[in-house]
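Note sheet for the following structure.
The values are calculated or read from the model by the stated rules, or taken from the named source; none is laboratory data. Note that the structure is predicted; figures quoted are calculated from it, not measured. Glycine also receives a Cβ, built like all others from the backbone with ideal geometry; neighbour counts cover every protein chain displayed.
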Amino acid sequence: MITGLGHVAFRITDLEKALDFYCNKLGFREAFRLEREGEPSPWIVYIQVAPNQFIELFPGAQGENPAGGDKVGYNHFCLVVDDLSATLEALEKRGLTISGGPQQGLDHNWQYWLNDPDGNAIELMQIVAESPHAAAEASWVSPAKQ
């Protein structure tokens with residue numbers, strides 16, 4: 001049975017910039033690295049977000065990440081926060097540039113958007129009680145638990 005999302009993976013251009021962003025700015029930790037024969041070293045760097053939740057960084061990418069648009073493929077990933085204003089304040093103290101403030105989305109949740117050093121879009125979201133996300137969470141019943 002599927003129990004959750006294990007990781008998202010990105011090809012990145014600069015490992016040091018990515019580690020600074022994900023570890024020093026966002027506050028995650030480097031969990032481990034994997035090596036693979038015939039691949040640049042390290043092959044993958046795992047950043048731990050929460051128990052059993054990781055971001056995989058594949059160093060050595062080239063080119064640029066096309067911003068936005070309506071092309072098929074990756075759009076963004078979302079990190080859930082408990083207090084968006086306090087989170088933004090903490091991120092700014094860690095050296096991340098914060099411009100503007102949280103906005104309330106059509107789903108009623110509070111959100112703020114930022115990008116990693118390679119332009120990958122990240123949404124920070126504070127879920128509110130009147131959102132469809134909260135309603136879905138409240139009604140979640142696993143078939144195995146019925």
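When the range 1-56 is examined, which residues are found to be basic (Lys, Arg), modelled with pLDDT under 95 and within 21 Å of Thr97 (Cβ to Cβ)?
Once the filter is applied, which keeps residues that are basic (Lys, Arg), modelled with pLDDT under 95 and within 21 Å of Thr97 (Cβ to Cβ), the range 1-56 yields nothing.
Pick from the range 2-36 the residues that are part of a strand (DSSP E or B) and within 15 Å of the chain's Cα centre (by Cα): which of them is surrounded by the most Cβ atoms within 10 Å (Cβ to Cβ)?
That would be Phe10.
For the range 98-109, check the following and say yes or no: at least one residue is assigned to a strand (DSSP E or B) and closer than 27 Å to Val128 by Cβ.
Within the range 98-109, the first condition is being assigned to a strand (DSSP E or B), and the residues that meet it are 103-104.
Narrowing the set further to residues that are closer than 27 Å to Val128 by Cβ leaves 103-104.
For the range 98-109, residues assigned to a strand (DSSP E or B) and closer than 27 Å to Val128 by Cβ: present.
Conditions tested, residue by residue: (1) in contact with a helix residue (DSSP H, G or I) (Cβ under 9 Å, 6 or more places away or on another chain); (2) of a type in the set (Ser, Thr, Tyr); (3) buried (at least 16 other Cβ atoms within 10 Å of the Cβ).
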residue	(1), (2), (3)
Lys93	no, no, no
Trp113	no, no, no
Ala121	no, no, yes
Val128	yes, no, no
Ala136	no, no, no
Trp140	no, no, no
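Name the residue that is farthest from Gly119 (Cα to Cα), counting only residues in the range 37-75 that are assigned to a loop (DSSP other than H, G, I, E, B) and hydrophobic (A, V, I, L, M, F, W, C).
Trp43
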